[in-house]
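Let me begin by presenting the structure, written as structure tokens, before commenting on it.
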Protein chains: 2
Amino acid sequence: MSDPVTDHALSCEPAFRDMLARFVALPSVGADPQQAPAMEAARALIEAYLAEAGFDNIRRLGPTDSGQQAIYADWLHAPGKPTLLVYGHYDVQPPEPLELWHSPPFTMTERDGRLYGRGISDDKGPLLIALHALAAWRAVEGALPVNVKLLIEGEEETGSPSMPAILEQNRDLLAADAMLSADGARWRADLLSLNVGSRGNGGFEIRLRTAAKDLHSGRYGGAVPNALHEMARLLAGLHDAGGRVTCPGFYDGIPEPSEAERAALDEVPFDAQAFAGALGSVPRGEAGYSTLERLWLRPTVEVNGMWGGHTGAGAKTVTPCLAHAKITMRIAPGQNAAAAQAAVIADLRARAPAGSTLDILDARAATDAATVPPDHPLLAACADALEQVHGQRPRNVRIGASLPLVNMVKQNLGIDTVMFSFSTSDEDFHAPNEFLRAASIREGLAAWCAVLRRVGAMDPRDFAAFRAV
Amino acid sequence: MSDPVTDHALSCEPAFRDMLARFVALPSVGADPQQAPAMEAARALIEAYLAEAGFDNIRRLGPTDSGQQAIYADWLHAPGKPTLLVYGHYDVQPPEPLELWHSPPFTMTERDGRLYGRGISDDKGPLLIALHALAAWRAVEGALPVNVKLLIEGEEETGSPSMPAILEQNRDLLAADAMLSADGARWRADLLSLNVGSRGNGGFEIRLRTAAKDLHSGRYGGAVPNALHEMARLLAGLHDAGGRVTCPGFYDGIPEPSEAERAALDEVPFDAQAFAGALGSVPRGEAGYSTLERLWLRPTVEVNGMWGGHTGAGAKTVTPCLAHAKITMRIAPGQNAAAAQAAVIADLRARAPAGSTLDILDARAATDAATVPPDHPLLAACADALEQVHGQRPRNVRIGASLPLVNMVKQNLGIDTVMFSFSTSDEDFHAPNEFLRAASIREGLAAWCAVLRRVGAMDPRDFAAFRAV
């Protein structure tokens, strides 16, 4: 099935590649102050493109004195049609270690059907796919089929520090029926899927003190507590032998997967042994659940770092008085993130040995898991668009990771987000030799053209039930 | 009770203090290459003193190309009398942190009955006490009551790396009936005691790998092992809830304290609560044993360091693939050190989780506990000497720490060592404001004069039963 808009978009692939090459050539590493000129050049490149594509109201959002401003633009000339907030980001990860790249990170290079370059998969390629699809609609039809607001961030790779304020301070400006994200990789190249949810997260650091100072292990060892022994016991006690989190109340609210859900998961082509084997590891987790259930539907408590005592070269006969650990959680659908984090902290406090001091440091606001309602109209539009392009229906999947932006948008704008990126999770973003499959460009252009058409056929009232007041 | 030798020694206290001040003024920090001139000056000071005191055969032992040579000298003109090997050391700990000293570390300073200075208690003061007592005998009697060999080390504070070779290569030169050490602090200022034993030690490092690389805690967390969880479980499993080491075979060979031993320990004035409270801690250890039993008669397995994952600032959502720990043991009387260390390693290997790799690194040769036989003649002579000076019998005590030199001497020379230092364990050696109680000088001079006289009344054959072949 073809249409003039898609045909035009696909015919522009050479121009698309030219612009992608220019975009990749800008080392827009937001974390590196020395790359401030490249960040500005990336903003200017996008703004020029948006102006040429006929977007209105092009402006920057966020603090001017620190951080990297986000770009806003809109095209709101489709009265009676839904309004989509389209998201992407122009900043990239640092390219280091440079010596591991097979071609220069900021020179787009094609090899064997893959386009290499820092940021090409995360998120420059997928962002330009969205922008080119919008431009194709304007070029062919003179108009977009929906109202569109663009939010193109420059701090995604540095944790989006300005985004909460941007969203909160621009609620009216950014008001929309749903967000369609050009970020958020597809799960696998061999399985057509749409991501319908992510786990939430939370975390904190703990510090356990068992004496006023480190002690000589000969003069005191065996007669006073050793902070490392106590910390090991605290951390080991977070899980039982079956891998289940033992903190009372931690699992509250999480529904057991229904037979139908389990059956659906069992149908996903997935080899848990190969999955772990590729990581040099083995499958292990909460007893009674499959690997995909553990990743998508079950929460975790994980120790991300622990340290104490003598960690340098050689031996030191010390009975350490201090031990430290960093702990994070992944929050499952149904779980109240704040309550779950409180449950873990309460359990640690309850089990801290008598005579010791347990401090909780740097506790962060935990976020709930995010789920796109299964009957959300944008989800249906995206699935239809993928089916049109690929000839098959995508499978709904989740990810075990967290998407803070999705929570922020839901919280501040009251709308759901569907991930519609055409990067794939194996494309080595955040690592050397990041690449984008060249075939994804045409898939993405066609799918974005199609999803815009499908949303354009919807009524804004179709979204009303899914918008928080 | 007084005698001319002791009277003379005590009358020389001003000269003693002069020499101690000169000795302390030399920053003989063996660990600091910049202090090589001070180390040489310290050796020269001692050698000059020994020559003046009439010692023969003054020479240096040990490698000339690295490390700090030990000083040897002897006086062997008491035919038919026992031969004592007298030990001390001339090197000191680094003085840092300098800002915490209340007077310059290398300027002997008296305040409130205490003489302050780096190394004054460990071991310059106690060493000079021994040398001055020997000199007093020569000055008054023209001869020593026993044959004496001196071994004065310059690497004690850096782990005595040359000492095994020095002992092995000079067995004939150093042959003696027993060793009398001017090093090894008295337990407490408020309890007259003689140390009759020390714990042995051993140790190693472990490294646990659960995957080929660190993994994203969202994309993999909950579905593969976390090296820190597994390490925490390994370490926590070294002890049961009662503080008893769980490794099978670890306690083999250790006798339960007899009723008489327990009664003797109970008689030692000792407040376990105050002991731990002074450290900002609480008493805790193996169930069923008192604090002194835990320190003196029971072994330990201790984690001295552990680390893994993200230990820097901020949070990192990583599922770590590697975890590390440093482990040492204190070996109790009766225990076979090598077997005990092997038992701990075997237990860790047995409990390492399936699919992981546990490496044992840097395993050291474990040493047995050392005990001076209760009927050893030198122990009796020292007890008699202390009773003569203090008017009461010293109590036999042990220390929980390890004295590697005692084991080395037993192994290479076949003789036992009695500790006869006049420093006290609270005198902040290895810390700022190290001091020596001024009163200890006279106690020490009198006691050394007396012990030499008592050993001089003994027959070398009294020692034969205690010398290993």
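None of the figures in this text is laboratory data; all of them are computed from the coordinates on show. All figures in this text were calculated on a predicted structure; none of them were measured in a lab. Neighbour counts run over all protein chains shown; Cβ positions are idealised from the backbone, glycine included.
Contact order, relative form, for region B:101-151: 18 percent (alpha carbon pairs under 8 Å, 6 or more residues apart, mean separation divided by residue count). FRET efficiency for the pair B:Leu361 and B:Arg219, taken as 1/(1 + (r/R0)^6) with r the Cβ-Cβ distance and R0 = 35 Å, rounds to 0.70.
Exposure proxy for B:Trp137, B:Trp75, A:Trp448: other Cβ atoms within 10 Å of each Cβ, ordered fewest to most, give B:Trp75, B:Trp137, A:Trp448.
For the peptide A:323-336, the mean number of other protein chain Cβ atoms found within 10 angstrom of a residue's Cβ is 3.
In terms of the mean number of neighbouring beta-carbon atoms within 10 Å, the peptides B:231-241, A:382-392 order highest first as B:231-241, A:382-392.
Rounded to the nearest 20 debye, the dipole magnitude of chain A is 1180 debye, with +1 charges on Lys and Arg beta carbons, -1 on Asp and Glu beta carbons, and the Cα centre as origin. Pairs exceeding 22 Å between alpha-carbon atoms, taken from A:Lys326/B:Lys326; A:Lys213/A:Lys316; A:Lys213/B:Lys124; B:Lys124/B:Lys149; A:Lys316/B:Lys213: A:Lys213/B:Lys124; A:Lys316/B:Lys213. Counting neighbouring beta carbons within 10 Å and listing from fewest to most, the residues B:Ser421, A:Ser2 come out as A:Ser2, B:Ser421. Each of B:Tyr220, A:Tyr289 was scored by other Cβ atoms within 10 Å of its Cβ. Arranged with the fewest first, they read A:Tyr289, B:Tyr220. Between B:Glu40 and B:Ala143, the simple label model (points 7 Å from Cα in the Cβ direction) yields a spacing of 4.0 nm.
Relative contact order, percent, of chain A when contacts are C-alpha pairs under 8 Å separated by at least 6 residues?
After rounding, I find 26 percent.
Let's test the formula: R0 of 22 Å, r as the Cβ-Cβ distance of B:Ser258 and B:Asp375. What FRET efficiency results, to the nearest 0.05? So, using R0 = 22 Å, E works out to roughly 0.85.
Mean residue ellipticity at 222 nm, helices only, the protein assembly as shown: -10000 deg cm²/dmol; runs of at least 4 DSSP H residues each add -39,500 (n - 2.57), and the sum is divided by the number of residues. Each Lys and Arg adds +1 at its Cβ and each Asp and Glu adds -1 at its Cβ; summed about the Cα centre, the protein assembly as shown shows a dipole of about 800 debye. Each other copy places its own label point for A:Ala457 at 11.6 nm from this one, sorted shortest first, where the point lies 7 Å along the Cα-to-beta carbon line.
Given +1 at the Cβ of Lys and Arg, -1 at the Cβ of Asp and Glu and no other charges, the dipole of region B:292-443 around its Cα centre is 480 debye to the nearest 20. Inter-chain Cβ neighbour count for A:393-402, averaged per residue, equals 2 (cutoff 10 Å, partner chain atoms only). Ranking B:Cys321, B:Val148, B:Gly456 by how far each Cα lies toward the positive end of the dipole of chain B (charges on Cβ) leaves B:Cys321 at the top. Take each residue in B:211-218, count the other chain C-beta atoms within 10 Å of its C-beta, and the mean is 6.
Once you reduce region B:94-137 and region B:63-86 to the center of their Cα atoms, the two points are 24 Å from each other. The orientation-averaged shadow of the Cα convex hull for the protein assembly as shown, equal to a quarter of the hull surface, comes to 44.3 nm². Sorted from closest to farthest, the other copies place their A:Glu259 label points 7.1 nm away, with each point set 7 Å from Cα along Cα→Cβ. In units of the rule-of-thumb radius 2.2 N^0.38 Å, region A:355-469 shows an alpha carbon radius of gyration of 1.39. Between this copy and the others, label points of B:Pro374 are 8.0 nm apart in ascending order, each placed 7 angstrom from Cα in the Cβ direction. Between the listed residues B:Ala343, B:His239, B:Pro353, the Cα displaced farthest toward the positive end of the dipole of region B:232-374, a dipole computed from Cβ unit charges relative to the Cα centre, is found at B:Pro353. Rounded to 0.05, the FRET efficiency of the A:Ala438 and B:Ala278 pair, given R0 = 60 Å and the Cβ-Cβ distance, is 0.25.
If chain A were replaced by its equivalent ellipsoid, with semi-axes equal to the square roots of 5 times the Cα gyration tensor eigenvalues, what would those be, largest first, whole Å? Walk me through the numbers on the way to the answer.
On the way: eigenvalues 381, 129, 96 Å².
The answer is 44, 25, 22 Å, longest axis first.
Taking region A:417-437 and a reference point 7 angstrom along Cα→Cβ of A:Ser103, the backbone N atoms nearer than 14 Å belong to A:433-437. Separation of region A:274-352 from region B:388-441 is 46 Å, based on Cα centroids. Near A:Glu434, the amide H atoms lying under 5 Å from its own belong to A:Gly117; only residues 5 or more places off or on other chains count, and H is placed 1.01 Å from N.
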